[in-house]
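Asker: This is the structure, below, for whatever I ask next.
The values are calculated or read from the model by the stated rules, or taken from the named source; none is laboratory data. Just so it is clear, the structure is predicted and the values come from calculations on it, not from any experiment. Neighbour counts run over all protein chains shown; Cβ positions are idealised from the backbone, glycine included. Accessible surface is based on the protein model in full, side chains and every heavy atom, while ligands, DNA and RNA are left aside. Shrake-Rupley method; radii C 1.70, N 1.55, O 1.52, S 1.80 Å.
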Amino acid sequence: MYRVCNWQALSGALFAGLFFITSLSALSAERQDDQLLVTSVRGRSSYSDDRINWHSLDSNIVLRKGAIIRTEGDSTADFIMNSSGTALRLMPNTLVETTTLEKEVAGEEVITWTVLELRAGGIIGAQRRLDNLSTFRIDTQAGAAKIRGSEYMVLADGTVRCLAGLVMVDSAANGWETFNVLAGSSFDPTTKALAPTDQGVFTMVAADMDAVRKNGRSIKKESGYVMVKLDEKVSPTKGNNGVGNGQDPAPPGNPPPNDGPGTGPGNPGNKGGAKK
């Protein structure tokens, strides 16, 4: 009987401790407002945080959920979000609202939820790869563009152009359908067609995209959250002896080399098993 009572007491203590830890975790993982930082403005742009009064948009202004931003003709505005690794440029004559701008910090993880409603104009962006629980979405007149890790251009009419990575498009025309827009491709919301992007488009936005990339490289890592760059490459001085990714040193243990002169993607050096 003594042992039974003692075990019951121990079980109760363990349950109470688990409940206490769970409660602390829940408290530390509450959603918080995220922020959009203005890094530069060219020309004339403005914003409203109450849907009534409009103010001049300038560098270092911090915007939060519900803010409406507009750029005038021949004007652009650049933004970054440290928590999600986002860099954006609003094109001339753009009107956008930050309908969702939230994050949740829980231990070593930072989860972000971002929704922008693009009502006019266009957005050029560079997005570092998000974790599986985070979302970044741009709502347009024809549906939504879901960004996870890519360089892209989204227009208010629903046109989506992917420059690197992948953009998923949920089209609302004639029933919801999902399309994967790969790098170098464009989505036409009217025809629901995917096609290679004309080279002239890339040339037209090259300077804008370079500015967005530069802003993206300036983003600092937020506490507890490691972001992966889209253009991350293996340094030849560190080497991983990866399969066919170019010549680099072998790791400790000196395994059969996968890399060497003449190797590359699709043409690894070590194609077989161990030598007999």
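Asker: Is the shape of the stretch 109-150 rounded, prolate or oblate, going by the alpha carbon gyration tensor and its root eigenvalues a ≥ b ≥ c, with a/c under 1.5 for rounded and a/b larger than b/c for prolate? Intermediate results must be reported in sequence, preceding the final value.
Answerer: Working: a/c = 2.56, a/b = 1.89, b/c = 1.36.
Here the stretch 109-150 falls in the prolate category.
Asker: Hey, another quick one. Take every Cα pair under 8 Å in the stretch 43-85 that's 6+ residues apart, average their separations, divide by the length, and report that relative contact order as a whole percent.
Answerer: RCO, the stretch 43-85: 45 percent.
Asker: Using a Förster distance of 30 angstrom, determine the FRET efficiency expected from the C-beta separation of ASP33 and ALA207, and round it to 0.05.
Answerer: Details: r = 33 Å, r/R0 = 1.09.
Calculated value: 0.35.
Asker: Could I ask something else about it? If N is the number of residues in the stretch 50-108, what value comes out of its Cα radius of gyration divided by 2.2 N^0.38 Å?
Answerer: Working it through for the stretch 50-108, the quotient is 1.26.
Asker: In Å, what Rg and Dmax follow from the Cα atoms of the stretch 103-180?
Answerer: According to the Cα coordinates of the stretch 103-180, Rg and Dmax are 12.9, 43 Å.
Asker: With a cut-off of 8 Å between alpha carbons and a minimum separation of six or more residues, what is the relative contact order of the stretch 60-161 in percent?
Answerer: That works out to 22 percent.
Asker: Determine the sum of side-chain charges near ASP170: Lys and Arg each +1, Asp and Glu each -1, restricted to other residues whose C-beta is under 11 angstrom from that of ASP170.
Answerer: Details: positive: ARG137, LYS146; negative: ASP139, GLU177.
Summing Lys and Arg as +1 and Asp and Glu as -1 gives 0.
Asker: Also, I was wondering about something else. Please compute the net charge surrounding LEU36, taking Lys and Arg as +1 and Asp and Glu as -1 over other residues with Cβ under 13 Å from its Cβ. Don't skip to the end; give the middle numbers.
Answerer: Details: positive: ARG64, LYS65, ARG89, LYS103; negative: ASP33, ASP34, ASP49, ASP78, GLU97, GLU102.
In short, -2.
Asker: How big is the accessible area of ASP210 in square angstrom, nearest 10, if you roll a 1.4 angstrom probe over the protein chains?
Answerer: Solvent-accessible area, nearest 10 Å²: 90 Å².
Asker: A further question on this structure: Sort the stretch 35-133 into rounded, prolate or oblate with this rule: let a ≥ b ≥ c be the square roots of the eigenvalues of the Cα gyration tensor; rounded if a/c is under 1.5, and if a/c is not under 1.5, prolate when a/b is larger than b/c, oblate otherwise. Please list the in-between numbers first.
Answerer: Values: a/c = 2.04, a/b = 1.71, b/c = 1.19.
Prolate.
Asker: Where in the stretch 134-220 are there chymotrypsin sites (Phe, Trp or Tyr not before Pro) that are in a DSSP coil and have at most 10 other Cβ atoms within 10 angstrom of their Cβ?
Answerer: Sites meeting the loop and neighbour criteria: TRP176.
Asker: Would you check the accessible area of ILE52, probe 1.4 Å, heavy atoms only, in square angstrom rounded to 10?
Answerer: 130 Å²
Asker: Taking Cα pairs under 8 Å and at least six residues apart, what relative contact order does the stretch 122-191 come out at, in percent?
Answerer: Relative contact order here is 27 percent.
Asker: Largest first, what is the accessible-area ranking of GLU72, GLU151 with a 1.4 Å probe?
Answerer: The ranking, largest first, comes out as GLU72, GLU151.
Asker: Follow-up question, since we're still on this one. At a Förster radius of 30 Å, what calculated FRET efficiency corresponds to the Cβ-Cβ distance of ARG129 and TRP176, to the nearest 0.05? Walk me through the numbers on the way to the answer.
Answerer: Values: r = 25 Å, r/R0 = 0.85.
That gives a FRET efficiency of 0.75.
Asker: Report, in cubic angstrom per residue, the convex hull volume of the C-alpha atoms of the stretch 52-210. Spell out each step's value before the answer.
Answerer: Values: hull volume 20.0 nm³, N = 159.
Spread over its residues, the Cα hull of the stretch 52-210 gives 126 Å³ apiece.
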